[in-house]
Amino acid sequence: MSNHKRDKAFQINKTYAEINARIRAGEAVVVTADEMVDIVKQEGAVAAAKRVDVVTTGTFSIMCSSGMFFNFGQSNPTIKGQKVWLNKVAAYAGIAAVDAYIGATELAETDPLNQVYPGEFRYGGGHVIEDLVAGKKVLLEVKAYPTDCYANTKWKKEVTLADLPHALLCNPRNGYQNYNCAVNFTDRIVYTYMGALKPHCRNANYCSAGQLSPLLNDPLYRTIGIGTRIFLGGGVGYVTFHGTQHNPTALRGDNGVPIRPAGTMMVQGDLKQMSADWLRGVSVQGYGSSLAVGLGVPIPILNEEMAQFTGISDEEIFTHIVDYGHDYTNGIARSYGEVSYAQLRSGEIEVEGKKVPTAPLSSLSKAREIAQILKEWIQQGKFHLGEPVDYFPTTDFSFDKPEPQE
């Protein structure tokens, strides 16, 4: 922590209004989280806070808790949808006459749901969302019971995203703040949402953008909250609440960064603004379907504490090694050690005295691209910061430790 020691004699304070005024004037200093690591290392947090206005972050990874609210318009005669499908993937229709929600992990009903075929492509809600954003036609099917105001009982037609009156990407849990490193100590291969894990701990998979990851750059949720404006799926979106499974009390290191899965964000945005470059349907071997989401959050450097947080590097961000072959499925929280993201990115870690190759499930190159795009949007005055109207549940944390006694 020597690179991030606080200077108690000096505190930089800025406001959202001041930073947004600098953005409008084309004067804001914007850097990516990668760049901020070097700035803080070389200049210290206080000098970095004086110079930098915004740090941009990014992540591109599988985010199962994702989906789309959509309105599919009315038929003639009118219909009150009771059951709805897009490309044979069921959507939840218990909302209103022609509103529904399709989840990324819902599998097509033509998929063999009752058996696992590890090598088989699994089409689901995530692929439907990608197909729509890519401009492809999908098959809409609606079944209903008749009422006096909604007489139609069946409706089928091909639709594109442009045909839908309303389409909202609404993801209950995205951008997990840290996540497990997954291994498998059993004597058989296991297929998980963390990928295929070989027996006897012969590989280790992890899933985070590390020093680029949004919530790892704001570990105590000082700036990310309800109303934060973000890069979402290639368009502009918003943080609308803390996400499901948000856990601010997760174990944290001396730098405030959690070393267990902790905070999450609920996010949403207009799907019609988005791009298939940043929303990709995923088929996870032996597990099912999901959606890879591109997400980027700007972090305003309101003071030197935020400069310090955004300057934390992969060498200082740790996660736990968890056995997904036995412990995870049985609800056991046993850890087989801590590893830094620098170690994970090296391609090899040591587990129980054994060298184990590592592989990421998130794309570092895509995360860097998102942070750069968001940086350019802000520099060009196309994107301003959204000040939260409320903040996530957090935890007490202080850098001020008791001084050792002589």
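Each value in this text was obtained by applying a stated rule to the coordinates, not by laboratory testing. Values in this document were obtained by computation on a predicted structure and should not be read as measured data. Backbone-built Cβ (ideal geometry, glycine too); neighbour counts: all protein chains shown.
Search the structure for amide H atoms under 5 Å from the amide H of Ser66, placed 1.01 Å from N in the peptide plane, and list their residues when 5 or more places away or on another chain.
Ala104, Thr105
Which label marks the calculated value of percent of Cα pairs over 38 Å apart, given the options (1) 31; (2) 17; (3) 26?
Comparing each candidate, only (3) matches the computed number.
Could you line up His246, His127 from fewest to most neighbouring Cβ atoms inside 10 Å?
Values: His246 21, His127 25.
Neighbour counts put them in this order, fewest first: His246, His127.
Assigning unit charges at the beta carbon (Lys, Arg +1; Asp, Glu -1) and nothing else, what dipole magnitude in debye, to the nearest 20, does the chain show about its Cα centre?
Numbers: 38 positive and 43 negative charges, 205 e Å.
Using Cβ point charges on Lys, Arg, Asp and Glu, the chain gives about 980 debye.
Quick check on the range 17-107: take the gyration tensor over C-alpha atoms, sort the square-rooted eigenvalues as a ≥ b ≥ c, and tell me if it's rounded (a/c under 1.5), prolate or oblate. Write down the numbers at each step before the final one.
Numbers: a/c = 5.74, a/b = 2.67, b/c = 2.15.
In terms of gyration-tensor shape, prolate.
Taking the Cα centre of the range 267-358 as the origin and placing charges on Cβ (Lys, Arg +1; Asp, Glu -1), which of Ile332, Leu344, Gly288 is farthest toward the positive end of the dipole?
Gly288
Beyond 21 Å between alpha-carbons counts as too far, so tell me which of Lys137/Lys272; Lys80/Lys156; Lys50/Lys382; Lys143/Lys272; Lys136/Lys156 fall in that bin. List each step's numbers first, then the result.
Numbers: Lys137/Lys272 14 Å; Lys80/Lys156 13 Å; Lys50/Lys382 23 Å; Lys143/Lys272 26 Å; Lys136/Lys156 16 Å.
With Cα atoms farther than 21 Å apart: Lys50/Lys382; Lys143/Lys272.
How large is the dipole of the range 144-193 about the Cα centre if only Lys and Arg carry +1 and Asp and Glu carry -1, each at its Cβ, rounded to the nearest 20 debye?
On the way: 5 positive and 4 negative charges, 15 e Å.
Roughly 80 debye for the range 144-193.
Within 10 Å of each candidate Cβ there may be at most 10 other Cβ atoms; applying that plus a DSSP loop requirement, which GluC sites (Glu not before Pro) in the range 236-340 survive? Kindly include the intermediate steps, with their values, before the conclusion.
Numbers: sites: Glu304, Glu305, Glu315, Glu316, Glu338; in loops: none.
In loop regions of the range 236-340 (DSSP not H, G, I, E or B), there are no sparsely surrounded GluC sites (Glu not before Pro).
Rounded, prolate or oblate for the range 208-330? Axes are the square roots of the Cα gyration tensor eigenvalues, ordered a ≥ b ≥ c, and the cut-off for rounded is a/c under 1.5.
In terms of gyration-tensor shape, oblate.
When a/c reaches 1.5 or more, the comparison of a/b and b/c decides; with that in mind, is the range 37-184 rounded, prolate or oblate per its Cα gyration tensor?
Because a/c hits 1.5 or more and a/b exceeds b/c, the range 37-184 counts as prolate.
Would you be so kind as to identify which of Ala33, Met266, Gly234 lies farthest towards the positive end of the dipole of the chain, taking Lys and Arg as +1 and Asp and Glu as -1 on Cβ and the Cα centre as origin?
So the residue furthest toward the plus end is Gly234.
Tell me, in nm to one decimal, what length is gained between Tyr92 and Ile189 on full extension, where the rule is 0.36 nm per residue of separation less the Cα-Cα distance?
Stretched fully, the Tyr92-Ile189 segment lengthens by 31.5 nm.
Placing +1 at every Lys and Arg Cβ and -1 at every Asp and Glu Cβ, with all other atoms neutral, what dipole size does the range 1-107 have around its Cα centre, in debye to the nearest 20?
Dipole magnitude for the range 1-107 comes out near 240 debye.
For Thr395 and Lys157 in the same chain, what is the full-extension length gain: residue separation times 0.36 nm, less their Cα-Cα distance, in nm?
Length gained, Thr395 through Lys157: 80.6 nm.
Compare the Cα positions of Phe318, Leu216, Val190 along the charge dipole of the chain (+1 at Cβ of Lys, Arg; -1 at Cβ of Asp, Glu; about the Cα centre) and return the one farthest towards the positive end.
Comparing the listed Cα positions along the dipole, Val190 ranks first.
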